[in-house]
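This report refers to the structure that appears directly beneath it.
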Amino acid sequence: MKSTTVSTPLAIWLDPERALSPEHSQALQDSGWAVMPVTTLDSLIAHAADAAMVVLHLTLDVTRLKAVQQLLQDAGLSTPVVCRVDRQELDLAVEATQAGALTVLAAQDIRPASWQRLQSQLNPTAIRATAQPVRNVVFVDPASQHLLALAQKVAQADVTALLVGPTGSGKEVLARVLHEASGRAHGPFVALNCAAMPENLIEDMLFGHEKGAFTGAHRDQKGLFEQAQGGTLFLDEIGEMPMHLQSKLLRVLQERQLTRLGGQNVIALNVRIVAATNKDLKKAITEREFREDLYYRIATFRMRLLPLAERPGDIIPLAMQCLLQHDKKPWQLHPQAQMQLLQYPWPGNVRELENVMRRAMVLCTDHVVTPAHLMFDDWLTASSCTAASTPEPAMVAMPARSEPAALAVPVKPQANFDEFMNEAKQQLGLPETLMADQADSVPTDLHSATRMNEHQVIMATLASTPSKTEAAKRLGISPRTLRYKLAQLREHGLGLAAAY
C-alpha cells in the first residue's frame, strides 16, 4: 500500500449537492490550501484527522453543521468548520455562526484572499501539524483501526516489532507508521528487502566495510545499521535471510554494536528494528530454516496484518486513495464496480488492488469507474463473485459529478462469457451462427480483454434501449462514436445491426 505526503494545510470540501468548481479549487490552491472534495460523512471522517479545516455547504438550516460537529467530536477531533451559504441567506449565516462555525463565507466567493485569511484564524498548531509530512494511510475497517491503535502504543515503547502478514498486505506501511508515531520520527527510516539482495551482498549492506576489506573496497562504507542511527531499520522478508547471517544479526541485536567488515573499531548503535515476513517462522524454526533465538529477539511485539479480503471496510477507501494518488481530478466508483471490488477475494491483497485501479484509470475516460473498467488478475476467481452475497453500496465519489450517472451494466467474467453471448443473441434476435468466433475467444492480453468488456457493455445496452441514440446517451458517448464501435463489432463477426 502506497502512501502520500502533503506539504500544505488540507481543507476538506463537503458538498453533497454540487461538485467542487474549478474556480473554487483554483482559489484555494492560490491561497495556499490543498483541497479534498468529499460528498459523504464516511469520506469526511476517513480523512478528517489530516485536515486543518472542513468547508461545509449549508442550504436550508444548520442541521448538517451540527451533524458534522458531532461526528468530529465523536472521533476525538477538534477540526474547525467553515460554512458556505448563499448570499441571500443572511439568517442562515447568523445561525451557523451561533452554532459554532469558525466563519461563514458566501457560496459564490472565489477570491483567494478570502480563503487565505482563514489560515490566520485557525489554530497555528493545527497549521503546523499539517505542514509537516503526513502519511495518508487507510485504516477504516474495525480490525485495521484496532491494529493502528495498537501500533501507536507499540511505537511509543521503542521495542523491536515483528510484522506478520501475506505479501502485499501493507507491512512496510505499518512499519512506517511505527516509525513516524515514535520518538524516532525525525530520524531516518531505512528499509532492506532480505529476499531481493544476493546473499554475498546482504552482509556488506547491513554492516558496512572498511577500505581494503576486499577487492574493490576502495573506501569506507557505512552499512544500513549505521545509516539508520537514531531512526528505524526495517528488515522486510526476514524469513529469507541466510542462516549464517542470522547469527551475526542476533549478535548485533543483543550487543547493540557492530564491527564493519575488515575493521576493528566497535560502533555503538542506537537503532530500532522492525522486521516483517510472510512466512510461518515457527514452522521455519522446526525445519531449521530460521534461528529460534533470533525469532524471540525480533518478536518482542508481534503484530499480524490481515489479508485484504478479511478487512472489507478498507477496500473502497483504498481504491479511492489509489485513484486520487495518481490523478487529483475527481473520481467516482459506480455501485456495480464497488460491488465487484468487495466480492473479489484479492489473493494479491493491496498490491493487486492498486494494479486493478491503475488499469481502470487507463481504460476510463470520464473519471467514472464502472465494471467495464475492472480487470482482475484472475478471471476464474473473479467469476466466483456473486452479486447476491453483498448489498449494493452507495455511489462513492470525490466529488459528485453533474454528468449523467454511469451506466450500471454488470460485466461477466470470461468463465461465463459463453452464457452471456447466448443471452445477448436471444435478446437481440441474432442467428445462432453469429458471434461464434467471438464466444470461443479468450483474452490473452490487456487489449483483448478490454475490448471484450467493452463489447459486453455495448450489447447489453443495445438490448435494453429503444434506439442507438438512447444507447449512446446511456453509454456516455456520442452517436458517432457508437457507430464506429458497432463497425468494429461487425469486423469481429458481431452483426449487431440486426438488432435494429
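Every read-out reported here was derived from the displayed coordinates using simple, explicitly stated rules and does not represent laboratory data. Since we're looking at a predicted model, the values are computed, not measured. Every residue, glycine as well, gets a Cβ built from its backbone with ideal geometry; the counts of neighbours run over all protein chains shown.
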Exercise for the section: List the trypsin sites (Lys or Arg not before Pro) within region 205-234 that fall in a DSSP loop (any state other than H, G, I, E or B) and whose Cβ has at most 10 other Cβ atoms within 10 Å. Expected result: Arg219
Exercise for the section: Any chance you could run the full-extension gain for Arg251 through Ser464? It's 0.36 nm times the residue separation minus the Cα-Cα distance, nm to one decimal. Expected result: 69.6 nm
Problem - Proximal charge balance of Ala93 [Cβ under 10 Å; K/R count +1, D/E count -1] - result: -2
Practice task
Could you let me know the centre-to-centre spacing of region 335-353 and region 71-86, using Cα atoms, in angstrom?
Solution key: 32
Exercise for the section: Could you tally the net charge around Leu150, taking each other residue with its Cβ under 13 Å from the Cβ of Leu150, Lys/Arg +1 and Asp/Glu -1? Expected result: +3
Problem - At R0 = 60 Å, FRET efficiency that the Cβ-Cβ distance of Ile285 and Asp30 yields, to 0.05 - result: 0.50
Exercise for the section: Positive end of the charge dipole of region 58-99 (Lys, Arg +1 and Asp, Glu -1 on Cβ, about the Cα centre): tell me which of Val85, Leu60, Leu71 has its Cα farthest that way. Expected result: Leu71
Completion exercise
Net charge near His209 (other residues with Cβ under 15 Å of its Cβ; Lys, Arg +1; Asp, Glu -1) is 0
